[in-house]
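Q: Questions regarding the structure given below will be posed in turn.
The values are calculated or read from the model by the stated rules, or taken from the named source; none is laboratory data. Quantities reported herein were computed from a predicted structural model and do not represent experimental measurements. Please note: Cβ atoms are built from the backbone with ideal geometry, for glycine as well, and neighbour counts cover all protein chains shown.
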Amino acid sequence: MSIPVSGGEKKEAKFPLDKQLSRQLYFMQTCAYLFGWFFELVQTCAIAGLARYIFRGKGWSHLSRQEISIEDIARAAGVSHSTVSRALHDSSLIRAEVRERIQRLASEMGYTPNAIAQSLQTRRTSTIGLVVTSIDDPFLGDVVRGVEEVARTGGFSVFLSATHNDPDQEMEIIETFHRRRVDGILVASSRITTRYKKRLDHIRLPTVFINSQAESQDDLLHWVAVDDRAGAQLAVEHLLRLGHRSIGYLGVNCRPKSNQQRLEGYQSALAAAGMTGQREWAVIAPGNEASDEEDVAAGQAQLPHLLAAGITAVFCYNDMVAIGVLMGCKERGIAVPGELSVVGFDDIRMASYVSPALTTIHQPKVELGRLATEVMLDLLNDRPAKNQVLQPTFITRDSTAPYEHEQARSGGICHSERSEESRLPQGDSSLRSE
């Protein structure tokens, strides 16, 4: 490079080459850094936008940190908060096409209604508390199924809790459901006695009892039950038609109300046939657990007592007691129904699986649950509610047969088992009625 100087002479100016190159490289590096930063920024924004579209647009909003609200839907739809609220509640004030568009958008965004906020507005939680004695009771399993069928159709959820046959715990569960603000309470096989009446009076909730074991069901406001007396009569009448005249009853102490009614039905059927039952023909097994294990053990333990009394047929409080009798007969080599006819009560699923298949009284268990829940919904909707008594039906299977008189003359079980009387367990063999 030439630079003019004074006197017209030209003088060569020299700049270090390494400084020129370093400046050019620095400029290029700076541009590359800025371009890279800008590209990463654009890429990050694009990914974030895509994720927002996927998570919200495809119904995965639960992966985002914030729940979708009605305000979010209103902004996306370009309408007001009240319009979205009415559309989500199928209000006729909103045009059908607008309702469908908002509901579709809410579904795509993954909107979930806030049950707590709704309950504050409606003063309802859309929940029903269900109190049972045990979660593994085969009888109550079908009752729960009936409850849930009707509750689900009516838009209610069911909270389940077990008392394990403890009246104090049952009362505590009812009070807990009350504090949790359930809309109503269903109680299956209640053990509540009159000493809890004052506490029950403070429960300002619709309450329906299913097959209550309370001392006086008439004191309860609302209930659904099976006619236990009628079921027992069906069982004994069947055995009488088969020619049996020495018919025993094996009951349990832990379900006082239904046991008393079935005992009375047994007695009335014998009386209608012109028979007077002997005191030894009826045994009430001790116990207070009301469990399957206790019922089976009762059937096994009390069978020798009935055999010593000379019975040719036995009507059992329920199917699990009857299964205990079948097991006891097998242990002693007694043929059922050839030497002893056995009838149960409930018609649980296991009754048709045992050998021989059990003749029994069918309780409409699912229908019990359905009707109880329908009564509850009537109460919640201010409709007249009626207490219901369902009729049981008789189910004939393989555990009963006609009485063979020749067997008695040849020395059957009526005589061969009497030698065990001295070592019988002591049960209540009273035939009394209260």
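Q: Just need a number here: residues in segment 279-314 that are outside any helix (DSSP H, G or I) and among the polar types (S, T, N, Q). Reasoning before the result, please.
A: Going residue by residue through segment 279-314, those that are outside any helix (DSSP H, G or I) are 282-291, 309-314.
Retained after the next criterion (residues that are among the polar types (S, T, N, Q)): 288, 291, 312.
Qualifying residue count for the region: 3.
Q: Residues being without any contact (Cβ under 8 Å) to a residue 60 or more places away in the chain and within 27 Å of ARG241 (Cβ to Cβ): count how many of those fall in segment 332-359.
A: Looking only at segment 332-359, we keep the residues that are without any contact (Cβ under 8 Å) to a residue 60 or more places away in the chain, and these are 333, 335, 342, 344, 347, 351-358.
Next, from what is left, pick out any that are within 27 Å of ARG241 (Cβ to Cβ): 335, 342, 344, 347, 351-358.
Here the count works out to 12.
Q: I've got another one for you. Give the residues of segment 122-177 that are within 27 Å of VAL296 (Cβ to Cβ), in contact with a helix residue (DSSP H, G or I) (Cβ under 6 Å, 6 or more places away or on another chain), not in a strand (DSSP E or B) and not hydrophobic (A, V, I, L, M, F, W, C), sorted by residue number.
A: Result: ASP142, ARG145, GLY146, THR163.
Q: Quick one: is VAL321 under 22 Å from PRO402 (Cβ atoms) and under 33 Å from the mean Cα position of the chain (by Cα)?
A: Working: under 22 Å from PRO402 (Cβ atoms): no; under 33 Å from the mean Cα position of the chain (by Cα): yes.
Against the criterion (under 22 Å from PRO402 (Cβ atoms) and under 33 Å from the mean Cα position of the chain (by Cα)), VAL321 does not qualify.
Q: Scanning segment 81-99 for residues that are under 35 Å from the mean Cα position of the chain (by Cα) and not hydrophobic (A, V, I, L, M, F, W, C), which turns out nearest to SER69 (Cα to Cα)?
A: Restricting attention to segment 81-99, the residues satisfying the condition of being under 35 Å from the mean Cα position of the chain (by Cα) are 85-91.
Okay, now just the ones that are also not hydrophobic (A, V, I, L, M, F, W, C), so 85-86, 89-91.
Working: SER85: 10, ARG86: 14, HIS89: 15, ASP90: 17, SER91: 19 Å.
Top of the filtered list is SER85.
Q: Would segment 319-327 turn up any residue that is surrounded by fewer than 19 Cβ atoms within 10 Å (Cβ to Cβ) and without any contact (Cβ under 8 Å) to a residue 60 or more places away in the chain?
A: Taking segment 319-327 first, the residues surrounded by fewer than 19 Cβ atoms within 10 Å (Cβ to Cβ) are 327.
Those left that are additionally without any contact (Cβ under 8 Å) to a residue 60 or more places away in the chain: 327.
Among the residues of segment 319-327, at least one is surrounded by fewer than 19 Cβ atoms within 10 Å (Cβ to Cβ) and without any contact (Cβ under 8 Å) to a residue 60 or more places away in the chain, which makes the answer yes.
Q: Among the residues of segment 231-250, write down those that are crowded, with 19+ Cβ neighbours inside 10 Å and in a helix (DSSP H, G or I).
A: Here is the first cut: in segment 231-250, the ones crowded, with 19+ Cβ neighbours inside 10 Å are 231-236, 238-239, 244, 246-250.
Passing the criteria: GLY231, ALA232, GLN233, LEU234, ALA235, VAL236, HIS238, LEU239.
Q: Take segment 147-182 and flag every residue that is among the hydroxyl-bearing types (Ser, Thr, Tyr) and modelled with pLDDT of 90 or more.
A: THR153, SER157, SER161, THR176
Q: Among ARG195, ARG199, which is the only one that is touching a helix residue (DSSP H, G or I) at 6+ places or on another chain (Cβ under 7 Å) and modelled with pLDDT under 80? Outline the logic, then answer.
A: On the way: ARG195 fails: touching a helix residue (DSSP H, G or I) at 6+ places or on another chain (Cβ under 7 Å).
From the options ARG195, ARG199, the qualifying one is ARG199.
Q: For ALA269, state whether it is out of contact with any Ser or Thr (no Cβ under 8 Å at 6 or more places or on another chain), among the small types (Gly, Ala, Ser) and surrounded by 19 or more Cβ atoms within 10 Å (Cβ to Cβ).
A: Details: out of contact with any Ser or Thr (no Cβ under 8 Å at 6 or more places or on another chain): yes; among the small types (Gly, Ala, Ser): yes; surrounded by 19 or more Cβ atoms within 10 Å (Cβ to Cβ): yes.
Yes, satisfied.
Q: Being touching a Lys or Arg at 6+ places or on another chain (Cβ under 6 Å) and farther than 26 Å from GLU294 by Cα: is that true of ALA87 here? Don't jump to the end; show me each part of the working.
A: Details: touching a Lys or Arg at 6+ places or on another chain (Cβ under 6 Å): yes; farther than 26 Å from GLU294 by Cα: yes.
Yes: the conditions hold for ALA87.
Q: Something else: Look through segment 136-158, keep the residues that are surrounded by fewer than 17 Cβ atoms within 10 Å (Cβ to Cβ) and in contact with a Gly (Cβ under 9 Å, 6 or more places away or on another chain), and return whichever of them is nearest to PRO256 (Cα to Cα).
A: ARG145
Q: Being hydrophobic (A, V, I, L, M, F, W, C) and surrounded by fewer than 24 Cβ atoms within 10 Å (Cβ to Cβ) is true for just one of VAL342, VAL354. Which residue is that?
A: On the way: VAL342 fails: surrounded by fewer than 24 Cβ atoms within 10 Å (Cβ to Cβ).
After ruling out the rest, the residue left standing is VAL354.
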